[in-house]
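First the structure, in the form of structure tokens, and then the observations on it.
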2 protein chains.
Amino acid sequence: MKSISSIAIVGSGALGLYYGARLSRAGADVSFLARSDLDTLRTRGIAVKATDGDFTLPSVKAAATPEEIGPVDLVIVTLKATANDQLACILPPLLRENTVVLNLQNGMGVDEPVAAVAGPERTLGGLCFICANRIAPGVAGCTLPGYVVIGEFSGGPQARTQAVADWFVRAGVRAEVSASLAEARWRKLVWNVPFNGLTVAKGGVTTEDIMTSPASEAEVWALMREVQAAAAAHGFVIPESFLVDQVERTRVMGPYKPSTMLDHVAGRPLELEPIWGEPLRRARAKGVETPRLAVLYDLLSESAKRPA
Amino acid sequence: MKSISSIAIVGSGALGLYYGARLSRAGADVSFLARSDLDTLRTRGIAVKATDGDFTLPSVKAAATPEEIGPVDLVIVTLKATANDQLACILPPLLRENTVVLNLQNGMGVDEPVAAVAGPERTLGGLCFICANRIAPGVAGCTLPGYVVIGEFSGGPQARTQAVADWFVRAGVRAEVSASLAEARWRKLVWNVPFNGLTVAKGGVTTEDIMTSPASEAEVWALMREVQAAAAAHGFVIPESFLVDQVERTRVMGPYKPSTMLDHVAGRPLELEPIWGEPLRRARAKGVETPRLAVLYDLLSESAKRPA
């Protein structure tokens with residue numbers, strides 16, 4: 001395969017800014033597709049405020065349209081899944097035959113819309129175990145750099161899968177290749193279902209608020225076990241040690257505000273279906289009872305209905 | 001027993017105003033213990049705006065202290081359970097040896113604080129299946145008159161139990177005596193747990209919003225079955241027909257706002273423990289899994305923590 005040098009970042013939220021800036025600093029030819037942040041990126045570049053080191057990129061390549069960027073080696077999708085109807089316009093100008101598209105969206109059923117536009121053979125998915133927030137236009141905050149897990153949408157890892165992971169490593173991000181993207185997505189939901197769910201459903205609290213209440217921590221565990229049971233029914237065994245690790249990482253995270261919670265508080269649409277709806281449907285399809293996930297999905301559906 | 005003629009109403013919310021006004025109109029000697037509404041009750045009396053007929057009582061007996069009222073035959077407690085720490089001051093001046101105290105509070109574990117002050121032998125409990133709201137000081141709205149179930153706190157029905165129920169009937173309220181107050185309280189929770197819970201946890205929606213969503217109605221049924229299972233473990237068999245009846249009554253109720261939901265929206269404290277906490281603990285004490293009740297209790301605990 002041709003090596004990766006040009007990268008387009010689609011979406012200039014926390015993940016797009018943080019990973020894009022790091023990849024750029026590591027020597028990749030990175031272009032940012034931006035809308036409302038375009039002027040900021042062009043005039044002031046990107047600032048990263050991270051617990052593992054602040055840095056600024058005073059000058060970045062930012063474009064208003066995918067046509068301005070043109071075909072690249074790697075497209076990294078960091079849009080919210082709620083904006084996936086835009087992919088049909090955004091992706092095609094960025095693609096050539098060997099372009100790979102790495103989808104960093106959260107949840108279940110989010111790679112399919114990417115694959116529908118880019119083709120399944122060009123689609124990769126990635127899970128970001130990270131605490132990052134967009135502090136302001138062009139400014140990414142990161143309080144826990146965490147790691148990235150990358151997998152192919154169809155079939156097992158290829159040379160290119162590792163090549164994409166290698167770019168993250170070169171950019172200073174821990175990255176690993178997963179033999180199964182589907183399993184990786186279930187693992188990520190072990191965290192997102194309880195923590196994104198409870199912080200929103202409690203009206204906008206932090207992970208610390210959850211972890212300092214024994215009753216709430218018990219609900220976290222119960223929700224994690226529901227996701228674990230649903231994953232197991234689909235053939236993915238998530239070990240107890242993974243759950244323990246997720247809880248212990250969260251315990252020391254401080255008052256983290258998951259992006260879904262910030263979306264909720266700001267009246268923006270929630271990634272309801274990828275994080276709660278689709279896992280619930282997949283659990284039901286296998287006859288797995290996930291009562292807490294079910295009631296959480298129903299409660300968050302109401303929140304998702306509110307006008308933005 | 002001495003017949004009941006003098007009645008003190010403690011609490012001038014929807015239930016206190018509605019039942020007190022009806023009892024007064026039916027010929028009882030009713031005194032209202034009021035705080036913030038005292039002047040309104042004294043100058044303008046009580047207005048009832050009900051689907052089964054509006055009426056006004058231009059002149060009612062309203063008192064600022066229980067001492068002004070003195071001992072009565074029947075005390076009807078319609079305070080919120082969250083105000084039960086006031087009972088030790090309010091009740092004693094209203095009691096003589098044969099006084100009976102009817103507690104109309106919602107939920108589990110609410111008769112015990114009344115019995116602790118009035119004595120278990122003087123305590124009765126009642127459940128109000130009614131849609132009523134306090135529209136303004138001294139003004140009670142009622143969109144579904146429903147019925148009242150009355151039972152003894154300790155032991156089975158006595159002549160006085162029926163005598164209290166008879167007063168409600170005389171006042172135009174359907175009333176029945178229950179052989180088991182505990183069972184009646186479990187039955188009431190079949191409605192309160194899902195409907196009060198979901199309307200609050202969804203941020204302040206109506207019962208109609210719940211019933212017009214098939215997914216939400218499914219959650220209502222699942223929550224009702226959890227209460228049913230917990231009740232069964234305590235020896236109280238609530239038949240399927242009761243659940244069906246509760247759902248069908250709610251379906252035609254229109255956009256009803258349970259008092260807990262109004263409390264939540266207004267930032268007032270929730271009756272968290274009687275409606276969700278105590279039933280959850282009683283379910284757990286019998287080893288009954290009630291996962292939806294558990295997550296709802298945790299979510300509503302957060303809401304209950306908010307400053308009023």
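Taken together, the values in this text are just the output of simple stated rules run on the coordinates, not laboratory data. Fair warning: this is a prediction, and the values are worked out from it, not measured in the lab. Backbone-built Cβ (ideal geometry, glycine too); neighbour counts: all protein chains shown.
General observations
- Electrostatic dipole magnitude of chain A [Cβ: Lys, Arg +1; Asp, Glu -1; Cα centre; debye, to 20]: 340 debye
- Shortest-first distances to equivalent copies, position B:GLU67, nm, label 7 Å out along Cβ: 8.6
- Closest Cβ on chain B to the rotation axis that carries it onto A (distance rounded to whole Å): B:PRO291, 2
- FRET E, pair B:ALA266, B:ASP209, Förster distance 25 Å, beta-carbon r, rounded to 0.05: 0.85
- Just checking the listed ones, B:PRO58, B:PRO269, B:PRO279: in the Gaussian network model of chain B with Cα springs under 10 Å, the one fluctuating most is B:PRO58.
- Of interest is the spacing of the C-alpha centroids, which for segment B:77-142 and segment A:248-306 amounts to 39 Å.
- Between the helical axis of B:214-233 and the longest alpha-carbon principal axis of chain B there is an angle of about 70 degrees.
- Per residue of A:216-223, other chain Cβ atoms within 10 Å of the residue Cβ number 3 on average.
- Candidates B:ALA175, B:ALA64, B:ALA159: whichever shows maximal mean-square fluctuation once chain B is modelled as a Gaussian network with Cα springs under 10 Å: B:ALA159
- Longest site-free stretch - chain B; sites: trypsin sites (Lys or Arg not before Pro), DSSP loop, at most 14 other Cβ within 10 Å: B:97-285
- With the label put 7 angstrom out from Cα along the Cα-to-Cβ vector, A:ALA159 ends up 10.0 nm from the copy partners, going from closest to farthest.
- About the centre of its Cα atoms, the protein assembly as shown shows a dipole size close to 620 debye [charges on the beta carbon of Lys, Arg (+1) and Asp, Glu (-1) only; nearest 20 debye].
- Among the listed pairs A:LYS80/B:LYS202; A:LYS188/B:LYS305; A:LYS305/B:LYS80; B:LYS202/B:LYS305; A:LYS202/B:LYS286; A:LYS80/A:LYS188, those beyond 20 Å (Cα-Cα): A:LYS80/B:LYS202; A:LYS188/B:LYS305; A:LYS305/B:LYS80; A:LYS202/B:LYS286
- Estimated purely from DSSP H runs of n ≥ 4, each contributing -39500 (n - 2.57), the mean residue ellipticity at 222 nm for chain A is -13000 deg cm²/dmol once divided by its residues.
- Each copy carries a label point for B:VAL265 at 7 Å from Cα along the beta-carbon vector; from one copy to the others these points are 2.4 nm apart, nearest first.
- Cα shape, the protein assembly as shown, gyration tensor, a/c 1.5 rule: prolate
- Distance in nm between pseudo-label sites at A:ASN98 and A:LYS286 (7 Å out along the Cβ direction from Cα): 3.8 nm
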